[in-house]
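Some notes on the structure that comes next.
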Amino acid sequence: MIAVSLFFHPAFALMAIVSLALFVLKLYALIDCATRPTAAFPLHNKLTKVAWLVILALAVLFGGLGILGLAGTVAAIVYLVDVKPAVTGKSQY
């Protein structure tokens, strides 16, 4: 009985929603990176496209809420905030 009530606890639902949102963020970053031209990455002094694809794929595969999940989330945010604007030509710098 206790296990069932813990499963439907509001904190569990919140963690499930946060985990799903972070997974979608990482997956979006990976798909976006895969669609960008390869030559744009070194042109703007960023890591190569292959390096970003490997980093983001590992973030999606090993993404939980532990330390690897945190590292993957940070990598996806760095890609979306720093690399994506540069390779799309929408950077302010």
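The values are calculated or read from the model by the stated rules, or taken from the named source; none is laboratory data. In this text, all values refer to a predicted model and were calculated from it rather than measured experimentally. When we count neighbours, we look across all protein chains shown, and the Cβ atoms used for this are built from the backbone with ideal geometry, even at glycine. Surface areas here come from the heavy atoms of the whole protein model, side chains and all, with no ligands, DNA or RNA. Shrake-Rupley method; radii C 1.70, N 1.55, O 1.52, S 1.80 Å.
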Scope region 68-93; condition of a type in the set (Val, Ile, Thr) and surrounded by 12 or more Cβ atoms within 10 Å (Cβ to Cβ); matching residues: Thr73, Ile77, Val78, Val83, Val87, Thr88
Residues (polar (S, T, N, Q) and modelled with pLDDT under 90) located in region 1-44: Ser5, Ser19
Selection count where residues are more than 17 Å from Leu27 (Cβ to Cβ) and among the small types (Gly, Ala, Ser), scope region 37-93: 7
Residue in region 12-19 that is open to solvent by 60 Å² or more (accessible area, probe 1.4 Å) and under 13 Å from Thr88 (Cβ atoms) present: no
Region 34-67, subset touching a residue at least 40 places away in the same chain (Cβ under 8 Å) and surrounded by 14 or more Cβ atoms within 10 Å (Cβ to Cβ), residue farthest from Val83 (Cα to Cα): Gly63
